[in-house]
1. Looking only at the range B:171-185, which residues are more than 8 Å from every other protein chain (Cβ to nearest Cβ) and either within 19 Å of the chain's Cα centre (by Cα) or modelled with pLDDT under 95 (or both)?
2. What's the number of the condition B:C141 fails, among (1) under 24 Å from B:P25 (Cβ atoms); (2) buried (at least 17 other Cβ atoms within 10 Å of the Cβ)?
3. Checking B:L157 against (1) more than 23 Å from B:R98 (Cα to Cα); (2) under 23 Å from the mean Cα position of the chain (by Cα); (3) among the hydrophobic types (A, V, I, L, M, F, W, C); (4) more than 13 Å from chain A (Cβ to nearest Cβ): exactly one of these is not met. Which one?
4. Which one is nearest to the chain's Cα centre (by Cα), of the residues in the range B:186-236 that are surrounded by fewer than 21 Cβ atoms within 10 Å (Cβ to Cβ) and within 20 Å of A:T307 (Cα to Cα)?
5. Looking for whichever is in contact with a Lys or Arg (Cβ under 7 Å, 6 or more places away or on another chain) and not aliphatic (A, V, I, L, M) here; the options are B:P191, B:P216, B:P166. Which one fits?
6. For the range A:84-182, please list each of the strands (runs of 3 or more DSSP E) lying entirely inside it that holds at least 1 residues being of a type in the set (D, E, K, R) and crowded, with 21+ Cβ neighbours inside 10 Å.
7. Suppose we keep only residues that are among the acidic types (D, E) and either in contact with a Cys (Cβ under 7 Å, 6 or more places away or on another chain) or more than 18 Å from A:H211 (Cβ to Cβ) (or both) within the range A:287-312. Which one would you say is surrounded by the fewest Cβ atoms within 10 Å (Cβ to Cβ)?
8. Name, by its number, the condition in (1) farther than 22 Å from A:L276 by Cα; (2) small (G, A, S); (3) crowded, with 24+ Cβ neighbours inside 10 Å; (4) over 12 Å from the mean Cα position of the chain (by Cα) that does not hold for B:A59.
Amino acid sequence: MSAPARALIALFALGWALLLAAADMDYGLAPEKIADDTWVLTGRSEDFSFTNGGNIVNTAFIVTQAGVLVIDSGPSRAYGEQLRRAIARITRQPVVRVINTHHHPDHFLGNQAFAPDTLAALPGTIHGIHTEGGSFNDNMYRLAGDWMAGTEPVAPIHPLAAGPLELGGHQFELIALEGHTGADLAILDRSTGVLFAGDLVFHDRAPTTPHARLPAWQASLDTLEALPFRHLVPGHGPVANDAGPIRQTRAWLGWLDRTLRQAADEGLDMTEALALPLPAEFRRLAVVDAEYRRSVGQLYPALEQQTLRTGKARE
Amino acid sequence: MNIHHAIAVAALALGPGIAAAQTDPLDSPRWGDMKKEFLPAAARVVFDERVRVIAPLTAENALNVPVSVDASALPDVKEVLVFADFNPIARIVRFEPRGARPGLGFRIKLQQSSPVRAAARTGDGSWHVGGTWVNTTGGGCTLPSTGSASPEWQKRLGEVSSRVWPKKEGGERIRLRVIHPEDTGLAAGIPAFYIQQLDLADAAGTPLMHIEGFEPLAENPVFTIDIPPARAASGYRVSGRDNNGNAITATIEK
């Protein structure tokens, strides 16, 4: 057999192996109906891993008379495709809108599975996907491996503005907030009383802070708590029927902000700030140790810098 | 990991005496090379838990990994060398506590998961080695600094910000940051550019700490230095230079 022929056979074998591997990449998505026309897919309360394939996020869809509205598309192309098939098992209505609540990878990297014309987000989110989507995607390959096969970042083309949105008999309210990132969209379905809070709200899972501005985030939580909702879909963690997850997120962020400011004011080195004990009330939050460590890395350098003064140069 | 675990198992099989004398507690296949490269061949070298290296077991941001070294449990520490076995540039920082507590807090860049070690030389000439593993997804050494792409830092190059805190147990803590890109020279087209020397003295000029920096120190490095009660002063000075000869000089006022 010639060398090119052997190479060709090897290539086919490799192709089959990849296809077979891809067949195992099943997220097991099981939409749960939480209100009229409204389904939620609850991710695991974990860190990204080769085991969960990035499915640590909540996504949702609302089936209206004018088509399906999808809220967040998941962490990978495979997730987006499996989400689309899960929707098709429940309704024959087409997906007419896919909204990304913010620009973090687990909320938009499934966009490829949907028609480009359906994709929409706040302008700040679109900008974030354009500027950081590539590096997020690279990082997800490192953290979730083969589950990411074929995934590329796709930025929505439709900018959203805050205000009412009517779709097939559902009265949605788009609420433009910030604090978790520079642009966080919450969506209230006034017809069903469901509030989709995106990552402004975490439930029984420690919040992530790579782009956080804590005071703005706290103000956004106040806005959310004042809304007339009956069901609350957090970005991560189980669905709730009260404001408990909002208060839980506020309590963690408040403690984090106070603790790190005080540590910086007292002159603690970052390794000392990392060693501070976590209060017992937060032990129930999933991955709290890892998120605290990440938050110190993300927030402490700016806080400690605020405590230092620029000295005069000696002549 | 499998290979060096296998080596450790083999070492144990030779007998407990040999293993206890020679086995690297961090089980790194690079230890032999590190020892050869950084420590004098004739010197007595011991693994010693009195040299504490404190760093997170997992560091998400490989560009800014916090590390604290504390050798204050040892008597008469003359110098401390800090290095990371698997970094493309292993040497991170060397310091001589000339009156300051024999310890230093700083931030580093890591290219991949690695032991981070401190080797402290005491007055009797022996080297005491402590360390810890830091896991990271890596890439910290081959990325350009953010400063190298920004026109802003050039105006602030070498700018020092600092503060002095009284310590509850007596003495003082000094924290200082120097604006510097700390480029490693490993990112394409960007030459190595880093702080080579920093000296801390009291207001009268009496030396307290001599720091020799290498490429893996993090951009805009932050240092934490503790001063024992007997050496606390009314004010302090810092002076130094980078590898291009730019001077760094500032007073640290209380």
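The values are calculated or read from the model by the stated rules, or taken from the named source; none is laboratory data. Not measured: the values here are computed from a predicted model. Here the Cβ positions follow ideal geometry from the backbone for every residue, glycine too, while neighbour counts run over all protein chains shown.
1. Across the range B:171-185, the qualifying residues are B:I174, B:V178, B:I179, B:H180, B:P181, B:E182, B:D183, B:T184, B:G185.
2. (1) is the only condition that B:C141 fails.
3. (4)
4. This residue is B:G235.
5. B:P216
6. The qualifying strands (runs of 3 or more DSSP E) are A:95-100.
7. The selected residue is A:D289.
8. Unmet for B:A59, out of (1) farther than 22 Å from A:L276 by Cα; (2) small (G, A, S); (3) crowded, with 24+ Cβ neighbours inside 10 Å; (4) over 12 Å from the mean Cα position of the chain (by Cα): (1).
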